[in-house]
1. Please enumerate, by chain and number, the lysines with C-alpha under 23 Å from the C-alpha of Lys82, excluding those fewer than 8 residues away in the same chain.
2. Which percent of the accessible area of segment 2-149 is formed by carbon and sulfur heavy atoms (probe 1.4 angstrom)?
3. Which ³J(HN,Hα) values, rounded to whole Hz and listed in residue order, are derived for segment 7-12 from phi using the Karplus coefficients 6.51, -1.76 and 1.60 in 6.51 cos²θ - 1.76 cosθ + 1.60 with θ = phi - 60°, glycine and proline given as x?
4. Which cross-chain or sequence-distant (5 or more) residues have an amide H under 5 Å from the amide H of Gly59, H modelled 1.01 Å from N in plane?
5. Sort segment 1-128 into rounded, prolate or oblate with this rule: let a ≥ b ≥ c be the square roots of the eigenvalues of the Cα gyration tensor; rounded if a/c is under 1.5, and if a/c is not under 1.5, prolate when a/b is larger than b/c, oblate otherwise.
6. Considering the options Gly53, Met145, Leu123, tell which one lies farthest towards the positive end of the dipole of the chain, charges being +1 on Lys and Arg and -1 on Asp and Glu at the Cβ, about the Cα centre.
7. Quick one: accessible area per residue over segment 2-149, 1.4 Å probe, rounded to a whole number of Å²?
8. At what distance in angstrom do the alpha carbon centres of segment 1-54 and segment 67-114 lie from each other?
Amino acid sequence: MEETKASLYREIEISLASLLDGETDEVVKMAETAAVLQERMGFFWTGFYRVNGNDLLLGPFQGPVACIRIPFGRGVCGTAWKEDRTQVVPDVEEFPGHIACSSLSRSEIVVPIRRDGKVVAVLDIDSKEVGTFDSTDASCLERIMAAVFGD
Ligand code: SME
């Protein structure tokens, strides 16, 4: 199971490398990455929030409408930014301060994206099932973010 998931992520990384070859625009990269992850993995919501002042501001995404601004340190996304590390949330009801953009979301993973060592954006993925994400998702998604956006 974990091997299947890891090989799916490897295929996604290869697809993105070919799709985004030579592309430097960050919005294009976020839009295509969200689309490929969502389509291939069948997630509920896949998207990006970009650092904008003291908030994270909604960026390209796939899925239902979402919250637009998330303050530093708030929710799963703001915590990933503040702590500068990936957050794996097996059950959103167990995460104090989780921001529910949709009541259908049951588990979540948020991966920081850095430039010059500072968090500039986060990848946020939501699932309708409890316990979708684990350390395999974390390590594979961190590797894909580094490959697409640099580190
Ligand atoms: N649940 C997130 C908010 C963003 S939505 O899931 C798209 C959070 O707690 O930061």
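The values are calculated or read from the model by the stated rules, or taken from the named source; none is laboratory data. Just so it is clear, the model here is predicted, and its values are computed rather than measured. For neighbour counting, all protein chains shown are included, and Cβ atoms are generated from backbone atoms with ideal geometry for every residue, glycine included. Remember, those area values only see protein heavy atoms, side chains included, never the ligands or the DNA or RNA. Shrake-Rupley method; radii C 1.70, N 1.55, O 1.52, S 1.80 Å.
1. Lys118
2. The nonpolar share, carbon plus sulfur, comes to 50 percent.
3. Whole-Hz 3J(HN,Hα) from phi for segment 7-12: 6, 4, 5, 5, 4, 4.
4. Sorted by chain and number, the residues that satisfy this are Phe48, Tyr49, Arg50.
5. oblate
6. Highest projection toward the positive end goes to Gly53.
7. 49 Å²
8. Cα centroid to Cα centroid, the span is 18 Å.
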